[in-house]
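Structure below; questions to follow.
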Amino acid sequence: MNKKLGLAVAGALVAFSSAANAGIAIPAGDWTVDIGGVVNAYYTNTKTDGDANAVSNITTGLLPNYLAVSGKTRQNDLDIAFTISINPGASTTQAGKQSSQQENRQAFLTIGDASWGSVKLGKDLGIYASDAILNDMTLLGVGNGAGALAGNTTTLGRIGGGFMYADWKAQVAYTSPNWNGFQFTAGVTQAFNTQGDYVTSERGGAEPAYEGKVSYAFTADQVTGKVWASAISQNVQLTTALDDRASAWDIGANVNVAGFGLTGYYGEGEGLGTVVQFNQGYNAAKQARDSKDWYVQGTYTLPSVGTKLGVSYGESTLDGKGADTFNQSGREQWTVGAYHPLTKSVNLVAEYTNLDTVVDNKSVADTSVSSRTVSLGAILFF
């Protein structure tokens, strides 16, 4: 995968507000308006243990189709910018009905200056675990989740098979200037509900979640890389008289040299659940369950043709508590993929993913179900 296409991948998730990532830049008075986007589609075939037949779909992958409009200007010694995106799905599942969902993942503004950083207000990618998904090679592809698309716009990539979904959150966040590679972000984000219980503070009013991350990017001769850590904490009202605080942290690193890339990631949570935030984070007795997520990923870019070959393995586990009928449940995922830059804008993608859903039960036999997905398709960035 070439450098320009790699930048576009990150831009598709975070924002198309940077001119370096934009496909079309239009001067408009004091403003520069940028238009960028993603179009992708894949044929997928998933075979799950116990099912007589495989399930085939034609759909988007981990990234939705994406159209983002952003603008930037300099006013009163401040950098002012905005981004708004629309994200249509590409799957249809019912005759006579266009069933793919419409999402609007981004709608935010930023105010800042290179001397002191920037403040973001609005909806964008969450802070905690954001680097885990941005470094996942299946951003260009499908990963897991292709066999159950009813109403979904995207597949899951490695979500739930190595890291927690950062999600798209309303937020107020401050990002520091870049000090020779070091940078941090801290913010408050919209609190999420857990298992049908409303999330409020001890005082009975709404309380936001608190998220933050620090990172250091470096270049040394032919070696480039980044290390990061992030965390989240949120008050959870389990009953009208019982509150708890869910939290999680993670750490990760990515290093690239001579065409080789290596990524490692690890995170732990208490009450945050698995796959998506606050899913199964607490049991029926209102006890917080512990969770762990980790993955390792290796890639190599063929020098003559630019094709990136990759293999990755990861696990997401949830520990049972108290009267839970299981000791631990988890998802283990292998993915191998090939990502070929047909042009500077188009990548051809082939992936194979094996996902094992495993439950270590207390009083009955353990269970394990495997699903295997083959996906072929293409993704375009502009």
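Looking only at residues that are under 24 Å from the mean Cα position of the chain (by Cα) and β-branched (Val, Ile, Thr) in the range 51-79, which one is nearest to Pro27 (Cα to Cα)?
Restricting to residues being under 24 Å from the mean Cα position of the chain (by Cα) and β-branched (Val, Ile, Thr), the top hit is Val69.
With the condition kept exactly as written, say whether any residue in the range 120-127 is assigned to a strand (DSSP E or B), within 27 Å of Tyr165 (Cα to Cα), acidic (Asp, Glu) and at pLDDT below 95.
no
Going by the structure shown, is Thr138 surrounded by fewer than 23 Cβ atoms within 10 Å (Cβ to Cβ) and either touching an Asp or Glu at 6+ places or on another chain (Cβ under 8 Å) or not in a strand (DSSP E or B) (or both)?
No: the conditions fail for Thr138.
Could you check, for the range 88-95, whether at least one of its residues is part of a strand (DSSP E or B), surrounded by 13 or more Cβ atoms within 10 Å (Cβ to Cβ) and modelled with pLDDT of 90 or more?
no
For the range 281-292, indicate whether the set of residues that are surrounded by 15 or more Cβ atoms within 10 Å (Cβ to Cβ), small (Gly, Ala, Ser), outside any strand (DSSP E or B) and at pLDDT below 95 is non-empty.
Yes, there is a match, as at least one residue in the range 281-292 is surrounded by 15 or more Cβ atoms within 10 Å (Cβ to Cβ), small (Gly, Ala, Ser), outside any strand (DSSP E or B) and at pLDDT below 95.
Filter the range 245-268 down to the residues that are farther than 23 Å from Gly143 by Cα and of a type in the set (Gly, Ala, Ser) and list them by number.
Ala246, Ser247, Ala248, Ala258
What tally of residues in the range 297-327 results from selecting those that are farther than 21 Å from Val364 by Cα, surrounded by fewer than 19 Cβ atoms within 10 Å (Cβ to Cβ), in contact (Cβ under 8 Å) with a residue 12 or more places away in the chain and out of contact with any Leu (no Cβ under 8 Å at 6 or more places or on another chain)?
7
With in contact with a Lys or Arg (Cβ under 6 Å, 6 or more places away or on another chain) and either buried (at least 17 other Cβ atoms within 10 Å of the Cβ) or in contact (Cβ under 8 Å) with a residue 12 or more places away in the chain (or both) as the only criterion, which of Thr83, Thr46, Thr110, Thr73 stands out?
Criteria check complete, one pass: Thr110.
With the requirement that a residue be free of Cβ contacts under 8 Å to residues at least 12 places away in the same chain and either closer than 18 Å to Asp51 by Cβ or assigned to a strand (DSSP E or B) (or both), what does the range 330-382 give you?
Once the filter is applied, which keeps residues that are free of Cβ contacts under 8 Å to residues at least 12 places away in the same chain and either closer than 18 Å to Asp51 by Cβ or assigned to a strand (DSSP E or B) (or both), the range 330-382 yields only Thr367.
The values are calculated or read from the model by the stated rules, or taken from the named source; none is laboratory data. It should be emphasised that the depicted structure is a prediction, and the values quoted were computed from it without experimental measurement. All Cβ positions, glycine included, derive from the backbone under ideal geometry; neighbour counts span all protein chains shown.
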